[in-house]
Structure formats: C-alpha cells, structure tokens
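Worksheet for the structure shown next.
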Amino acid sequence: MKTTFHFLLILSFIPALLFTSCGPSKKLMVSQAKVDQLQKDSANTHSQLNDCNLQVKNLKQEKASLQNDNAMVQSDLKALSTESKMTIADQAKRLKTLQDMIQAQKNVMTNLQKSIADALMNYKTDELSVYIKDGNVYVSLEEKLLFKSGSDVVDPKGKEALKTLAKVLNNTKDITVMIEGHTDNVPIKTKLFKDNWDLSTARATSIVRILTTDYGFDPTRITASGRGLFHPVKTNDTNEGRAGNRRTEVILSPDLKELYKLLYQ
C-alpha cells in the first residue's frame with residue numbers, strides 16, 4: 001500500500017517538473033529573439049546615423065560653396081556699382097572726346113591725301129591714283145610707272161615718283177605704311193620668280209628699300225607685302241583690266257593708339 005502511494009506521489013510531481021524544465025527554455029528563446037531584433041535595430045540605426053552624417057557633411061560643403069558664390073556675386077555687384085557711378089555727363093564727355101579724336105584722324109588722313117595728290121599732280125591718272133578707303137590713304141602705282149614686265153627693278157621715272165612721295169611721308173608723323181604688290185592672273189615662272197606671288201612680294205620689297213635706304217623713311221614704320229593675283233580691282237579678261245591689276249599700293253594708316261586707350265580704359 002505504501003509503495004503504491006509513493007508511486008502515485010512521484011507521478012504527481014512529474015508534470016510539475018516537466019512544466020518547470022520547459023518554462024525557462026521558452027523564455028530563453030523569446031529573449032534571444034528580442035536580442036536579435038535589438039541588434040538589427042541597432043545596425044539600422046547606425047546605418048541611418050551614418051547617412052545623416054554624410055548628408056550633414058554634404059550640406060556643409062554646399063553651404064561653403066554658396067557662400068563663396070555669394071562673395072563673388074557681391075564682388076561683381078560692387079564692381080558694377082563702381083562703374084555705374086559714371087554719370088551721364090561723364091559718359092557724354094567721354095563720347096565727345098572719342099568723336100573728336102575720330103574726326104581729328106579723318107582730318108589728318110584727308111589732309112595727307114590732298115598733300116600727296118598735290119605733290120604727284122604731274123603724273124597721269126593711268127600711272128597713279130590717290131584716294132581714301134576704309135579710313136586709309138591709298139597711293140596706287142601702276143606697273144608701267146614702276147617696272148618693266150616681269151621685273152622687280154624700279155625704273156628711273158618710278159624712283160622720282162617715290163622720291164616725291166617720300167618727302168610727304170617724312171613730314172607726316174603718326175602714320176604707318178604698308179607696301180602691297182599685286183599682279184594679274186597670267187602665270188609667271190622665271191629664274192628669279194617662281195610665280196606671281198613671288199613677283200608681287202619682290203616688287204613690294206624693292207619699293208620699301210628705296211623709300212628707306214635712298215629716301216630716309218623710318219624702316220620701323222613700313223612693311224612689305226605681296227598679294228599676288230588674289231586681289232584684283234578690275235577684270236582679268238581684258239588687256240586694260242590686267243594692266244590695272246598689275247599695281248603696287250602704298251597704304252597709309254593712322255596711328256590709333258590713343259583711340260584704343262580711350263575705348264578700353
């Protein structure tokens with residue numbers, strides 16, 4: 001009887017023991033799950049924090065860039081403000097000065113054109129012409145006055161014309177001189193000249209040497225240029241037209257330094 005009682009007593013404790021042993025295991029699993037979730041939340045939080053820090057850094061850089069741009073804008077506005085302080089009266093005065101300088105240059109070139117035309121009045125119109133074009137004075141000398149066909153040696157009559165021209169140029173300050181040689185379109189090829197371009201350049205150089213070496217014109221104010229057949233003033237389809245294209249032009253230009261200073265100051 002006692003044995004049966006003890007056995008029953010033991011059986012009654014078994015469910016309790018089983019319940020007790022299973023309880024802590026379930027709690028442990030729940031706790032572990034919470035820990036895992038907390039770790040995931042922590043990782044996400046750190047990632048978000050890093051993103052926020054990066055955004056803050058970018059915002060700081062953008063702010064610095066905007067401040068720099070703003071400083072540049074303020075500087076430009078200050079410069080514009082300074083320029084805008086020029087009154088209407090100042091602008092009118094500057095414009096008047098500019099107009100006066102331009103008119104003075106025109107007067108110089110007009111007087112120079114007249115002086116050269118008067119000095120060379122004894123030459124025929126089919127030998128030379130004097131005119132103003134694009135603000136420059138042109139003295140166009142025909143081939144027949146200066147050279148024999150295919151030659152760069154200036155004839156005596158041509159030297160006399162250049163001597164007369166040099167007297168006027170030597171008495172005129174603040175001008176520069178360009179000597180341009182031109183030909184017709186008839187090809188040339190000799191021992192001295194490979195083509196028309198070569199001939200036109202040689203003729204321009206010959207005239208420069210005469211004006212500077214023989215007649216004392218300042219070599220720093222003169223340039224030789226050959227333009228060959230590429231700038232005709234008449235048709236090359238007739239003998240008369242080709243003769244007109246075989247020319248040497250003395251181009252006199254005013255010194256515009258002071259005008260440029262006023263324009264860009």
Any chance segment 164-172 includes a residue that's modelled with pLDDT under 95 and not aromatic (Phe, Trp, Tyr)? yes
Cross-chain or 6+ apart pairs with Cβ under 8 Å, segment 124-146 first and closer than 15 Å to THR248 by Cβ, then part of a loop (DSSP other than H, G, I, E, B) and among the polar types (S, T, N, Q): GLU143/SER149
So the check is Cβ under 8 Å with 6+ separation or different chains; which pairs have a first residue in segment 149-162 that's assigned by TED's automatic domain parsing to the domain that holds ASP184 and under 14 Å from GLY181 (Cβ atoms) and a second one that's small (Gly, Ala, Ser) and surrounded by 20 or more Cβ atoms within 10 Å (Cβ to Cβ)? ASP152/SER206; VAL153/SER206; VAL154/SER206
Positions within segment 106-143 being part of a helix (DSSP H, G or I) and of a type in the set (D, E, K, R), in sequence order: LYS106, LYS114, ASP118, GLU143
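This table checks each residue for (1) in a loop (DSSP other than H, G, I, E, B); (2) hydroxyl-bearing (Ser, Thr, Tyr); (3) under 17 Å from LEU128 (Cβ atoms).
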site: LEU145; (1), (2), (3): no, no, yes
site: LYS157; (1), (2), (3): no, no, yes
site: LYS189; (1), (2), (3): yes, no, no
site: SER200; (1), (2), (3): no, yes, no
site: ILE210; (1), (2), (3): no, no, yes
site: PHE217; (1), (2), (3): yes, no, no
site: THR223; (1), (2), (3): no, yes, no
site: GLY228; (1), (2), (3): yes, no, no
site: GLY244; (1), (2), (3): no, no, yes
Hey, THR172 hits all of (1) in contact with a Lys or Arg (Cβ under 8 Å, 6 or more places away or on another chain); (2) within 30 Å of GLN99 (Cβ to Cβ); (3) not in a strand (DSSP E or B) but one; which does it fall short on? (1)
Output the qualifying pairs, or none if there are none: Cβ atoms under 8 angstrom, residues six or more apart or on different chains, first residue in segment 86-103 and touching a residue at least 60 places away in the same chain (Cβ under 8 Å), second residue assigned to a helix (DSSP H, G or I) and of a type in the set (A, V, I, L, M). ARG94/LEU262; THR97/LEU262; LEU98/LEU259; LEU98/LEU262; LEU98/LEU263; MET101/LEU259; MET101/LEU262; ILE102/LEU259
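The values are calculated or read from the model by the stated rules, or taken from the named source; none is laboratory data. Bear in mind the structure is a predicted one, so any value in this text is a computation, not a measurement. Because the Cβ atoms are built from the backbone with ideal geometry, glycine has one as well, and the counts that use them run over all protein chains shown.
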